[in-house]
Amino acid sequence: TTEQNVLFTIFGGTGDLAKRKLYPSLYRLYKKGIIKEQFAVIGTARREWTDDHYREIIIETIKDLIVSEEDAIEFASHFYYQSHNVNDSEHYVSLKVLAEKLEARYHIKGNRLHYLAMSPDFFGTITQQLNEQGLVSDTGFNRLIIEKPFGHDYETANILNEQIREVFDENQIFRIDHYLGKEMVQNISTVRFANNMIESMWNNRYIDNIQITLSEALGVEERGGYYDKSGALRDMVQNHILQVVSLLAMEPPAKLSDIDIRNEKIKALRAVRVFTPEEVKENFVRAQYDVGSNDDILLNKYQNELNVAEDSLTETFVAGKILIDTFRWKGVPFYIRTGKRLSEKGTQINIVFKNVPLNLFSEDAEEKLPSNVLTIFIQPTEGISLQINTKKTGIDLETETFDLMHQHSAETLANSPEAYEKLIFDCLNGDATNFTHWDEVASSWRFVDAIRKVWDQDKTNLPSYPSGSMGPAESDALLAKDGFYWYWNP
Ligand code: BG6
């Protein structure tokens, strides 16, 4: 590892994301020597803080990771705070003065990473001001990391993109989707392209259907204000789920470079069928959590959550069938589901293979044997398993189904880098593989907008599900219509 020299400016420096994810990730990179002496961080937000207070906060956020007190203090000494009103040009002028001072002090050669960890309402203003007040340096790199949500629909995303693109080129923009920083999401390409047995069967001749579940046990907690305007479709499907779909569906890239991979993902997302209103009704269901219980704890309904409208029609659960009209995937449904207040927290992908043509192990040759299922466990379990049928020990010829399973050990999990750490590292290296390209964002919104439009017009029909369950009956019915059911590998 070579040391990177860079000035970070974090907009939203007092926020939850900065404290929970960014500062600990920077500390981890510091421990690895990726940032060391030639770096500085400017934190900005509205609040009036002193550098000393800011550094105390920094140390607080990394307290579980600290090995030596001295080293934590040294790390924190690279942090500077400046209070800032995003609409006030004067403030950008003082930011520039500080940036130049720090670059001189730490011998930073004009490499600037601008991190927007705050409300997207300000992304346009901030990038414009960065440009106008001369905060984009002439030497070194200038990169922009932006957090989700990227727009509220295609139109707002497009406006936002045009504003940003006036200042930064596509290859300077790093749109975060933290799922792309997860170890097992990154593993999808390895599992596919490093195994001939798997890749040669990765198509509609052998695969029956693909199922993706992103299940959460928590409710909306303190984020009711944001969530009630967003809903599960925008919050999880537009970004995380469609990103996972694109990695599963893309054609093999010529090389594992960011350009090649993103080109293939873009092609896959463009091939996702944008549904007509009739198709939306047939292929997508939504629901909202009602009262219920989990582990004997009674749980409130969504409409009673903080900052949620009492008559809210916002969905907290989505299940749907995605169709990709390509040679490879024609006829293979990608079933997806996600929801809050489900029975457990867990993300997994199940690839369900087609059955053998005849069942030789039953009187009735038409009776279905259990399918081969390849499970990719994303979280909290990380691993991979293959369900296969074998002979049961004994004098009769009976079949038995079991899992060939590999699970990352607790030690591996404890030592593996955090998603944000990897993504910031990639950005420092200018590697955009695990960030979303504008064309991916655009295709995803077009798909989501078609569904949203139908749902926004239908004010009557919002099923509910008990908190602590795996969603509404409508979700099971969606697969049952096609003769399938949801796999959940415990
Ligand atoms: C975020 C959503 O993008 O992802 C949250 O806004 C959701 O609503 C979260 O809880 C899930 O991420 P993870 O990493 O906990 O699965």
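Distances longer than 21 Å among the Cα atoms of region 105-210: what percent of all pairs is that? Percent of Cα pairs beyond 21 Å in region 105-210: 53.
With +1 on each Lys and Arg Cβ and -1 on each Asp and Glu Cβ, and nothing else charged, work out how big the dipole of the chain is about its Cα centre, in Debye to the nearest 20. Present the calculation step by step, with values, prior to reporting the outcome.
Values: 52 positive and 74 negative charges, 170 e Å.
Using Cβ point charges on Lys, Arg, Asp and Glu, the chain gives about 820 debye.
Normalised by the number of residues in region 323-412, the mean separation of alpha-carbon contacts (under 8 Å, six or more apart) gives a relative contact order of 19 percent. Report the Stokes-Einstein translational diffusion coefficient (µm² s⁻¹, integer) for region 445-490, Rh taken as the Kirkwood radius over Cα pairs, at 25 °C with viscosity 0.890 mPa s. Reported coefficient: 189 µm²/s.
Taking 0.36 nm per residue of sequence separation and subtracting the Cα-Cα distance, how much length would be gained by fully extending the chain between residue 162 and residue 294, in nm to one decimal?
Between residue 162 and residue 294, full extension yields 43.0 nm more.
Other residues whose C-beta falls under 13 angstrom from the C-beta of residue 84 contribute a net charge of 0, scoring Lys and Arg +1 and Asp and Glu -1. Positive end of the dipole of region 20-63 (Cβ unit charges, origin at the Cα centre): among 30, 44, 59, the Cα lying farthest that way belongs to 30.
If you roll a 1.4 Å probe over the heavy atoms of the protein chains, what accessible area per residue do you get for region 349-490, in Å²?
On the way: 7430 Å² over 142 residues.
Here the per-residue accessible area is 52 Å².
Remark: for residue pairs 148/265; 182/255; 345/368; 229/481, the C-alpha separation exceeds 29 Å in 345/368; 229/481. How many nm separate the modelled label positions at residue 68 and residue 389, each set 7 Å beyond the Cα in the direction of the Cβ? Here the answer is 6.2 nm between the modelled labels. Summing charges over all other residues whose Cβ lies under 12 Å from the Cβ of residue 117, with Lys and Arg as +1 and Asp and Glu as -1, gives +2. For the chain, the Cα-based Rg and Dmax, in that order, read 24.4, 85 Å. In the calculated pair-distance distribution of region 171-287, the portion above 16 angstrom amounts to 71 percent of the Cα-Cα pairs. Extension gain, residue 458-residue 259: 0.36 nm per intervening residue step, less the Cα-Cα distance, totals 67.6 nm. Between residue 221 and residue 330, the distance separating the two model label sites (each 7 Å from Cα on the Cα→Cβ line) works out to 4.6 nm. Rolling a 1.4 angstrom probe over region 17-144 with all protein chains present gives an accessible area of which 46% lies on carbon and sulfur atoms.
Assign one of three labels to region 323-391, namely rounded, prolate or oblate, based on the Cα gyration tensor with a ≥ b ≥ c the square roots of its eigenvalues; rounded applies when a/c is under 1.5, prolate when it is not and a/b is larger than b/c, and oblate otherwise.
Values: a/c = 2.29, a/b = 1.46, b/c = 1.56.
Verdict is oblate for region 323-391.
The distance linking region 211-265 with region 107-125 is 23 Å (Cα centroid to Cα centroid, whole angstrom).
With K and R counted +1 and D and E -1, the other residues having a Cβ less than 9 Å from that of residue 183 yield a net charge of +1.
Take the alpha carbon atoms of region 384-487, find their radius of gyration, then divide it by 2.2 N^0.38 Å using N residues; give the quotient. Each step should come with its number before you reach the end.
Numbers: Rg = 22.4 Å, N = 104, 2.2 N^0.38 = 12.8 Å.
Compactness ratio reported: 1.75.
The calculated Kirkwood hydrodynamic radius for region 1-139 is 15.2 Å, given to one decimal from all distinct C-alpha pairs.
Please give the FRET efficiency for residue 171 paired with residue 304, using the beta carbon to beta carbon distance and R0 = 41 Å, rounded to the nearest 0.05. Write out the running numbers ahead of the final one.
On the way: r = 46 Å, r/R0 = 1.13.
The value I calculate is 0.35.
Give me the aspartates and glutamates in straight-line cross-link reach of residue 31: C-alpha distance below 19 Å, same-chain residues under 8 apart excluded. Output for residue 31: 3, 56, 60, 64, 69, 70, 71, 74, 411, 418, 421, 426. Let's see if you can work this out: charge +1 on each Lys and Arg Cβ, -1 on each Asp and Glu Cβ, no other charges. What is the dipole magnitude of region 333-403 about its Cα centre, in debye to the nearest 20? In debye, rounded to 20, region 333-403 gives about 600.
Max-minus-min Cα coordinates of region 289-334 on each principal axis give 48, 27, 11 Å, with the largest extent listed first.
Highest mean packing comes first when the peptides 408-421, 178-191, 289-302 are listed by Cβ atoms within 10 Å, giving 178-191, 289-302, 408-421. Based on every Cα atom in region 21-85, Rg and the maximum pairwise Cα distance Dmax equal 11.5, 36 Å.
The values are calculated or read from the model by the stated rules, or taken from the named source; none is laboratory data. Here the structure is a predicted model, which is why all the values come from computation and not from measurement. Cβ: placed from backbone, ideal geometry, glycine included. Neighbour counts: every protein chain shown. In case anyone asks, the SASA skips ligands and DNA or RNA and just uses the protein heavy atoms, side chains included. Shrake-Rupley method; radii C 1.70, N 1.55, O 1.52, S 1.80 Å.
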